Each structure stands twice: as C-alpha cells, then as structure tokens.
Amino acid sequence: MVKFVVRRLVQAIFVIIAASLLVFLGLFALGDPFASSGEKVVPPDVQAALRAKYGMDQSLPMQYLTYLGNIFTGDLGIDFRQRREVSEMLTAVLPNTLRLALAAILIDVIIGVLAGIIAAVWRYSFWDVFVTILTTLAIGIPTFVIGIFLLANVSGIWIFPVVPRSFTVEVPWYQEVLLPAFTLAIVDAAFIARLMRGSMLEVLRADYIRTARAKGLSERAVIGKHAFRNSIIPVVTYVGISIGVLLGGAIITETIFQYNGVGFLLFNSIRNNNQPVIMAIVVFGVIAYVVLSMIVDILYAFLDPRIRLS
Amino acid sequence: MSVGGGAPEVVPEQLLAPTQPPEAVAEPEGGAPTGDRVKRGQFRDIWRRYKRNKLALVGLGIVIVLAVIAIFEPILTPYDPKEQNLLNTQQPPSGEHWFGTDVLGRDLFSGILYGTRLAMIVSLSVVILALVVGITLGAIAGYRGKFIDTLVMRTTDIFLAFPFLIGAILVVRIFGDSVQAVIIALAILAWPTSARLMRGQVLALRESEYVEAARSIGASDTRIVLRHILPNAVAPVLIYAFTSIGVAVVAMASLAFLGIGVPADEPEWGRLIGQAIQVIQIPGKDYLWIFPALAISITTLGFAFVADGLRDSLDPKLR
C-alpha cells in the first residue's frame, strides 16, 4: 500500500512539473506581451524596462526555474495589467469556484444517485426508460446550450439573479451560485445516474445479495445497505475527478453567468494576454485535477483490495 | 474529450473505456471466397442488430442529413452566409429569412447551413488526426511495451491533466485564430484518449491465442499488428470516433462562443450564440440563439445515438 501511494505521488509530481513546463513554453510561444501591437506603441526602452521588471530579460530555462522555485514559496508573480499579486487574485476568486463546484456536486450526486438506483431497482419500468431518455438528452446537449437556455429564460426570475449582474444590487452567494451550479450539475448527474444504474445492476446479480435476500432481509435493507455500499464506488471515483475538473474553473459556465470564479478570471486574462494569471490558473487547474485523481486512486485502492494487488 | 464548461466537463474513462474485442472471426488466410462470405454475413448481422435500436436509426438519419448539408451547402444556402447587412439586423423569422437575420444582418438559415459544413469539416479532421496519431502511438506502446510504453503513457498523463477547453484555448492562441488552429488544438488535446484506448486493446489482444498462433507461424510484428490486432480493435475505435465527433463539435462551438478560434466573420454555431448573448434576454429574440443551439444539440445527439447503436451492434456481448 505504501509503495502504491509513493509511486502514485511521484507520478503526480512528474505530471504537474511537466505540465507546468508545457504551459510555460506555450505562453512563451504566445509572443512578447510588451511588444507594440496595433495602435499601441511601446517605446523600446520601456519594453526593456518592463522585461527587466518581470524577469523576462533572462534566459528561458532560468525564467522557468525561477518560476518553479517561486511557486513553492507561494509567489505566483505580479499581473501585467494592474500590478496585483497573482496569488491574491487567485485566492479572491477561489472561494467562489469552490462554492460553485461543491454546489454542483451536491446537486448532481443527489439527483444522479437517486435516479440511478430507481432505474436499476425497477429495471425496464417506466421510470427506468424515463431516466435513460433524460440522461441521453442531458449528455447529448452541450453544457453551454443548457447554460444559455437558463440565462435566456430563467435568470432574473424569482430567486435567480439577473445576469450580467449589476454592482448596485447585492446578491447573496447562495442565489448567485444556483444557475451555474445547475448548469454544471445536469451533465454530471446524467453520468452519475448511468454509472449508478450500471454498477447497481451488476451488484444486484452478486451472490451475497442473493444470500441477503435468502436470509429474509427486507428489500429496503438489501438495496440500501448491501447493494448501495458496493455500487457507489464508481460514483465516488467520478465525483472526485469531477471536483478536480471543476476547481480548475468551469470557464464556459462561469463566463455565461459572469460568475466571479477561477474560470471567468481565466477567460478575462486570456483576452488581455495577462500571462502570469493564465500561467497560475492553468497550473492550478492541472494540480487540482492531478491531486484529486491521485486521491481517488488511493481511496479506491483502500476501498477495494482487489485493485491494490495489480 | 470533455470541455471545461462546454462539452461534458468530464467524460469519465469508464464510459469511453476500451470495450471487449469482438470474437476473433476465424478468417482463413488466403481463402478469399470464404473470407468474403464471412465478412458479408458479418455486416448483415451488424446491420440487423443496429436496426433494432430505433434511436440509432434516428441518429443515422441525422448524420446522413448533416452530411448532405455539409456537402451541398453552397447550393442549399438561399443567401451568402457571410454577407452582412447592418440595415437589416435581428429580423424575426419570415418567409424571406426562414430563421431571421442575426445581429450582423446575415441570413441565419444560411449561416446555420454554413456552420454545419464547418462543424463537419473540423470535427472530422480532428477525429481523423487524433485517431491516426493515437492509434499509431497506442499500438506501438501496447505491443512493444517497456520503455516506449512508459514514454507514451506518461505523455498522455500530462496531456490528460489539462482541462480540455483550457488546453485548446492556449494552443489556439499560439497559432492565432483560424479554423486550422482549432483543428490542430483539438487534435492535440484529443489524441491521448485514443492512444490509451488503442493501447488497452492491443494489450488485451497481444496475449490472445490467435495472435500467438500467428506469431508461431512466423508472422512479423507489423503484420500481426496490422492484420490481426487492428481489425479486432476496430469496434471500440469506431465507437470512440463517433462519440468524439460530437465532442469536437461542442468544443469548437465552445471556443467560438468565447470568441476564440474560428474568425469572427464566420457564421459558426458557437459564434452565432456568442454574438447574440447581449440581446437574448430580450423577449422575442430567442430565435437568435435557439437555432444555432438546436443545430449543435441535434448534431451531438445524432452522433451519440449512432455511437450507442454501434456499441450494441458491433459487439453483442456488451449488452
């Protein structure tokens, strides 16, 4: 087990470092952020001064190593536009994205697991067909179409705040999070429902379920206790990875609803070619994904001894 | 291929997971007539199973219609899809403009048809590129194993760690906004999944008895991979390809919606929605986003239905 964890950890660190190098090279390939472009003319001496200020006059490997070193001290650099600390910008929007991710996960787990259980237990019933149709639609229709639909028809009504939001109107976070969370949750709920249905059906065929029924347990106990525990494992995996993805910023959903999270910040930074912020967010997204999938792997090995052996 | 915010944010690997290879069809080598008959029977079997799935038939219909639109788009469009007329913007649907005109005064119906062609070209190119690279690397990694396997798999790890859309945005920004940049970006982000799929297939088939038999009669590695392993790995790859086309369509639309990738004057589906977003909350302007949104949704659903149908018909064991 220890060996497995260590191997997984080394792999995660390797992926993070390699990915950060890729992003770094990618940003370099984007071009000089201080060059004159269009009508904006930047005098050469100003360009040189800016480059020196941001350490961009040094060689590329040197810049990367410095950046890597600074990450460990929590220094993510200063943004090009307003000279703010990137780490502060990130921590300012991170709680919003965290709330959005957790709200979306909460919604999709509740809907997905319930729908999956119902579909599996009453297989081929009306509800099973209903769930199948709904999940097919939810997976087939792109998230951003769902987002646009909610934006066009639901925002501004009842408890759902108007988008784009006005800075004179105070909206509590739990109202603001609703529509983007629903938008994100619909696809995931459909995937979870399918996973849950599939694994539940498989578990229900197992011998120990027959044993449980044979010894006279109520159907409720059989499903709720015995079958549920073993069939939820794939869902746990899915949810873990999903959190990792959502933390990296749901760029489309957050942009549609102008939700002040990591994804929206990334969108704005990409527009402005604000490289330090792009770098920080993309690397953060990679770390979030890698760390969570590592945790999921370890958790999985912990929950299911069969995996540890291989 | 899941797309931050856009296409399904995560496509769980379980759902794309390598499916079991179909039973190795005993196809006597050199015996062309027998082999032919076996093949024809096989296709008839597949079609018979495919027909049973009504949604798959609907999907096939959609895909055919999309293909026809994509091929004959220049003849079908009543107006020049790119011609702007700022004196005639946001006209509601009428006999003259079936879907109305968009925020730039272009005929929306022509724009949607043009967008179909664009979506088909881009998604097909992406899938073909990703499959060629992915299958080659995956097959080599799976068959050779050892160092090459580690190298390819760790590389896919790195690529898969990137949020799909965000990675694609970075690549597009490097190449500059153009249709080609979108194709390259999506293919770069998509190949690792097909490489893993192929590797899993090859790993499973490599140890099978019929491959061992081929090896024992002295078939070369290239021959074993091309003649014996690839044909049996076709089913999951084909299913994956159809799924990926839908994902690529959504990814391109998502990028364009954010104003990245396809140039602004192209009537691309995501662009059309993005350009309409300022006015879509005004009552009566729904048609500005509903038509492109419908086009995207019908396309993705159509390809998903076909993929589902293929999953059932190519490999009955999976049911």
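Out of all the residues in the range B:124-140, is one or more assigned to a helix (DSSP H, G or I) and within 14 Å of chain A (Cβ to nearest Cβ)? Looking through the range B:124-140, none of the residues is assigned to a helix (DSSP H, G or I) and within 14 Å of chain A (Cβ to nearest Cβ). With respect to the conditions (1) in contact with a helix residue (DSSP H, G or I) (Cβ under 9 Å, 6 or more places away or on another chain); (2) within 14 Å of another protein chain (Cβ to nearest Cβ); (3) not in a helix (DSSP H, G or I), residue A:199 falls short on a single one, namely (3).
Beta carbons closer than 7 Å, at least 6 apart along the sequence or on distinct chains, pair a first residue in the range A:50-73 that is without any contact (Cβ under 8 Å) to a residue 24 or more places away in the chain with a second that is part of a helix (DSSP H, G or I) for A:55/A:63; A:55/A:66; A:56/A:63; A:57/A:51.
How about the range B:207-291: which helices (runs of 4 or more DSSP H) wholly inside it have at least 3 residues that are buried (at least 24 other Cβ atoms within 10 Å of the Cβ) and within 12 Å of chain A (Cβ to nearest Cβ)? Working first, answer last.
Working: elements: B:209-216, B:230-257, B:269-276.
Filter on the range B:207-291 gives B:230-257, B:269-276.
Selection within the range A:53-70: residues that are loosely packed, with under 12 Cβ neighbours inside 10 Å and among the small types (Gly, Ala, Ser). The member of this set that is nearest to residue A:14 (Cα to Cα) is A:69.
Listed here are the residues, each with its yes/no results for (1) modelled with pLDDT of 90 or more; (2) touching a Phe, Trp or Tyr at 6+ places or on another chain (Cβ under 8 Å); (3) within 14 Å of another protein chain (Cβ to nearest Cβ).
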| position | (1), (2), (3) |
| --- | --- |
| A:80 | no, yes, no |
| A:85 | no, no, no |
| A:95 | yes, no, no |
| A:125 | no, no, no |
| A:133 | no, no, yes |
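Considering the range B:296-312, the residues that are of a type in the set (Gly, Ala, Ser) and within 11 Å of another protein chain (Cβ to nearest Cβ) include one that is nearest to residue B:47 (Cα to Cα), namely B:307. Looking across A:184, A:114, A:137, A:106, one residue alone is at pLDDT 90 or above and facing chain B (nearest Cβ under 10 Å). It is A:184. The residue that is nearest to the other protein chains (Cβ to nearest Cβ), counting only those in the range A:3-38 that are over 26 Å from the mean Cα position of the chain (by Cα) and among the small types (Gly, Ala, Ser), is A:29.
For the residues B:157, B:149, B:177, the requirement of being of a type in the set (Asp, Glu), in contact with a helix residue (DSSP H, G or I) (Cβ under 6 Å, 6 or more places away or on another chain), within 14 Å of another protein chain (Cβ to nearest Cβ) and surrounded by fewer than 22 Cβ atoms within 10 Å (Cβ to Cβ) singles out B:157. Pairs are defined by a Cβ separation below 9 Å, a sequence spacing of at least 6 or placement on different chains, a first member in the range A:212-223 that is of a type in the set (A, V, I, L, M, F, W, C), and a second member that is exposed (fewer than 15 other Cβ atoms within 10 Å of the Cβ); the pairs so defined are A:212/A:221; A:212/A:225; A:217/A:225.
For the range A:224-310, the helices (runs of 4 or more DSSP H) that sit wholly inside it and include 1 or more residues that are facing another protein chain (nearest Cβ under 7 Å) and over 30 Å from residue A:211 (Cα atoms) are A:233-247, A:251-256, A:262-272, A:275-303.
With (1) more than 19 Å from residue A:86 (Cα to Cα); (2) out of contact with any helix residue (DSSP H, G or I) (no Cβ under 8 Å at 6 or more places or on another chain); (3) of a type in the set (S, T, N, Q) as the list, and residue A:58 as the residue in question, which single condition is left unmet? Residue A:58 satisfies all of (1) more than 19 Å from residue A:86 (Cα to Cα); (2) out of contact with any helix residue (DSSP H, G or I) (no Cβ under 8 Å at 6 or more places or on another chain); (3) of a type in the set (S, T, N, Q) except (2).
Here B:107, B:102 are screened, and the one residue that is at pLDDT below 85, of a type outside the set (A, V, I, L, M) and in contact with a helix residue (DSSP H, G or I) (Cβ under 7 Å, 6 or more places away or on another chain) is B:102.
Within the range A:141-163, the set of residues being within 8 Å of another protein chain (Cβ to nearest Cβ), within 24 Å of the chain's Cα centre (by Cα), without any contact (Cβ under 8 Å) to a residue 60 or more places away in the chain and not in a helix (DSSP H, G or I) comprises A:141, A:142.
Only residues that are in a helix (DSSP H, G or I) and either aromatic (Phe, Trp, Tyr) or in contact with a Lys or Arg (Cβ under 9 Å, 6 or more places away or on another chain) (or both) were counted across the range A:104-132, and they come to 13.
The values are calculated or read from the model by the stated rules, or taken from the named source; none is laboratory data. Note that this is a predicted model, so its numbers are computed, not measured. In this analysis, Cβ positions are derived from the backbone assuming ideal geometry, glycine residues included, and neighbour counts consider all displayed protein chains.
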